[in-house]
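Computed from the coordinates by the stated procedures, all read-outs in this text should not be read as laboratory data. Since this is a predicted model, take the numbers as computed values, not measurements. No Cβ is skipped: glycine too gets one built from the backbone with ideal geometry, and neighbour counts run over all protein chains shown.
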Amino acid sequence: MGRVTLKQNLLLQLGQALSPSAQGLLRQVASLAESRGWQVYLVGGAVRDLLLGIDLKQDLDLTVEGPPLEGLPPAIALAQALHQQDPTSRLQVYREFQTATLAWHQPTPLALDLTTARRESYPYPAANPQVEPSTLALDLYRRDFTINALAICLTSPHPGELIDLHGGLEDLHNHVIRALHPGSFIEDPTRIYRGVRFSCRLGFAITVTDQSLMRQASQFYRQLLHRAGPGSRPPGLGSRLGMELECLLTMTTNRQWLAALNQLAQLGALACIHPDLIWSTSLQRQLRLANRCALPPWPGRLEVILAQLATTARAEAALALHLPQESLRHLEDLAAAEAQLVNHLGSWLTPSQAVVLFKGWSRSVLHLVTLRNPGPVRRWVWNYLTIWSQTPPPLTGQDLLELGYQPGPQFREILEVLLGATLDGEVQGRTEAISFVRSHFPPPKP
Ligand code: CTP
C-alpha cells in the first residue's frame, strides 16, 4: 500500500487503452500542470477499469493538487489553460465545487472532469458535500470504495506511479468491494446502489461488514423518509439516486440489473426510492415481462417499479428522483387508464370499440397496464398494441379518390369506420371493403 511502481508501466498501458487524441490531451494537461508546479492524477473508474483490463469510459476524472493560481483553484485554472489552447472544447466551470469539465465531440466524444484535490464534509446525512482544498491523500479518502480510490500520477517526478493508500489493488485482485470508512453509506446512500452495481457488473463480492453497514444505512433512510416524507428528502439525494438508478437499470444484461435490484431489496435499500416500496413477486414478474415489450430500459423500468406505489407516493417518488416530465405523465395517467380499461373490459367489447377506448392513452401507459393486469385486460391491451393499432385500413385515400369520393374530412371517417369493420371481422379483403364503403357511404352523384 502507498505509492507503488508496477512492473508494467501504467502510462504505457493507459496509452494503449486511450484514443490518440485522448492520449495527446493527457500529455498536454500534464505539461501545463508541470509548468505551474502542480501534480495531476488520473483517478476513479478509469484507473479501476484500466487495472482490470476493461474498456475505459469516454469520461476521465483528473485530480489536480497544488496551490491556487491568482485566486483560482488549480483544476479550474488548468481547464481554462487547456481550453485556451484548444477552443474547440466546451468548458464548464463549477466554482463552488472547485471543478471544471472540458468536453470534445470530435474526433471521438471525450470529457475530462478536473477536480481540485479536496476533502469533503457532509453537514448532515445525504447532504451535498461541502468541499475545501486539500491533498491527494484526503481526496482519495473521501471516495466510496477502495477499488475507486486508486490514482495514477501523470506528472513528473513520478509519472506512471500508482497511488494506492487503501488497499484498492489487493481488493481488485481479490474481487472485493469495500468502503473506505464505516460512515460512507450514511453520508451518501447512493453508494449502496453503486456498490451493488459494481458487484453485479464486475462479479465482485461486497464484504460482510459492508453489507451490514448498507443494511443499517438503508434502515436509517427508511425511517428518515418515512418520518419526513420522500418529498422532503435531503436536497440532491433524489437526483443523485435517479442517476444511479439509470446506470443500474441500463446495465447490459437482464441478469445484471435484475440481480442488482434483488440484492438491493435484500439489503433493504429500495426504501431509498420510497419507504413503501415492496419487492413483491408480482413486481419481479412484471420487470421480467417488461423486457419482452418495447418499454425503454430507462426510464421505463423505473416507471414499472414506481407504479407499485399508491398514487400519491408514485408522484412524490417520481418528482424526487427527477424523472423526465413524460414519465411523470405516464404515472399520473396510469390510475385513470386502469380504472377506465378495467371497468370497460368487464363487459363485452368488440375490437373496434376497444380501439376507440385504448386510443386515448399513450403506448407507454398501456404497456404499464398490461404488465400490471394479468388475464383478459392484458390480452385485450396486448392485442391492441401488437395487432389492432398496427393494422391499416384495407383501402387508402387514393382508392377512395378512384372510387369517386372528394378529399376532405369524410375520408378520415370512411377509413376509420372501414378499419373498425375489418377489425371486427365484418369485412375481409379489398372487394368486400369496396362494397362496404359504397353501401355505408353512398358515393356522390357524378
Ligand atoms: N464517487 C464517490 N461517491 C459517489 C460517486 C462517485 O466516491 N457517490 C467517486 C469514486 O471515486 C468514483 C469517482 O467519484 O470512482 C467517479 O465517479 P463516477 O464517474 O460517477 O463513477 P465511476 O467510478 O467512474 O464508475 P462508472 O464507470 O461505473 O461510472
What the 10 Å binned alpha carbon P(r) of the range 397-440 shows, as percent of pairs per bin from 0, is 28, 61, 11
For the chain, what is one quarter of the convex hull surface built on the Cα atoms, given in nm²? 28.1 nm²
Relative contact order of the chain, please, whole-number percent, based on alpha carbon pairs below 8 angstrom and at least 6 residues apart. 10 percent
Longest principal axis of the chain (C-alpha) makes with the long axis of helix 311-320 (C-alpha) an angle, in degrees to the nearest 10, of 40 degrees
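How big is the dipole moment of the range 175-322 about its Cα centre under a simple scheme where the beta carbon of each Lys and Arg is +1, that of each Asp and Glu is -1, and everything else is neutral? Debye, nearest 20, please. List each step's numbers first, then the result.
Numbers: 16 positive and 8 negative charges, 66 e Å.
Using Cβ point charges on Lys, Arg, Asp and Glu, the range 175-322 gives about 320 debye.
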So if I place +1 on the C-beta of Lys and Arg and -1 on the C-beta of Asp and Glu, and nothing else carries charge, what would the dipole magnitude of the chain be about its Cα centre? I want it in debye, nearest 20. 800 debye
With θ set to phi - 60° and the Karplus curve 6.51 cos²θ - 1.76 cosθ + 1.60, what are the ³J(HN,Hα) couplings of the range 241-249 in order, to the nearest whole Hz, using x for Gly and Pro? 5, x, 5, 5, 5, 4, 4, 5, 6
Any idea what angle helix 281-290 forms with the longest principal axis of the chain, computed on alpha-carbon atoms, 0 to 90 degrees, nearest 10? 80 degrees
Could you state the angle between the C-alpha long axis of helix 74-85 and the longest principal axis of the C-alpha atoms of the chain, as a value from 0 to 90 degrees rounded to the nearest 10? 70 degrees
Counting alpha carbon pairs within less than 8 Å and at least 6 residues apart, what relative contact order, in whole percent, applies to the range 280-364? 25 percent
Please check: in the Gaussian network model of the chain (C-alpha springs, under 10 Å), which one of GLN219, GLN398, GLN390 has the largest mean-square fluctuation. GLN398
Just how many % of Cα pairs in the range 175-322 lie over 21 Å apart, if you round to the nearest whole percent? 40 percent
Rounded to whole Å, give me the distance from the Cα center of the range 301-380 to that of the range 186-228. 31 Å
